[in-house]
1. Order of Y71, Y59 from fewest to most other C-beta atoms within 10 Å?
2. How do R51, R93 rank when sorted from fewest to most other Cβ atoms within 10 Å of their own Cβ?
3. Taking square-rooted eigenvalues a ≥ b ≥ c of the alpha carbon gyration tensor, is the stretch 7-76 rounded, prolate or oblate, where a/c under 1.5 means rounded and, failing that, a/b exceeding b/c means prolate?
4. Would you tally the net charge around D44, using a Cβ to Cβ cut-off of less than 13 Å, leaving D44 out, and scoring K and R as +1, D and E as -1?
5. Most exposed first by the Cβ proxy, i.e. fewest other Cβ within 10 Å, how do D82, D57 rank?
6. How far is it, in nm, from the label point at S103 to the one at A69 when both lie 7 Å from their Cα along the line to the Cβ?
Amino acid sequence: MTAHPLDGVPASLIDVAETLGLRVALKLLQEYAGIEVPVPKHPDETHPFIRALGREDGYALCRMLGGNAIYVPNRKKGAKSDVLALQAVGKNREEIARILGISQRHVRRVANQDKPRQGDLFGT
């Protein structure tokens, strides 16, 4: 069974991921985990959103959600769902490690976790 690219994305970030991309949702998780963040309507260049997400993504998020607050849940469960989601959209392990801020070795370990080390001897 193939993982859907948005499997594991918290419910409060699904709209962001669908509209602006998984990359933006993952940046929010990385920068604002565990916080309810007010989204400004008209941020300036020095606003933390613009600095954290980058100019293009930051302003796109503010156009989409400006004047509202967004809850970014804490990702205590680890990066497994993020690794699998990024892998499902064609990212290589080096890109995944860079996006999530984890080691390439950890990405490989997580990605290979569900793969059996040995084939089924009896084909059952």
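Computed from the coordinates by the stated procedures, all read-outs in this text should not be read as laboratory data. None of the values given here were measured: they were computed from a predicted structure. Note that each Cβ is placed from the backbone with ideal geometry, even for glycine, and that neighbours are counted across all protein chains shown.
1. With the fewest neighbours first, Y71, Y59 line up as Y71, Y59.
2. R51, R93
3. In terms of gyration-tensor shape, prolate.
4. Taking every Cβ under 13 Å from that of D44, the sum is +2.
5. Going from least to most buried by this count: D57, D82.
6. Going from the S103 label point to the A69 one covers 3.8 nm.
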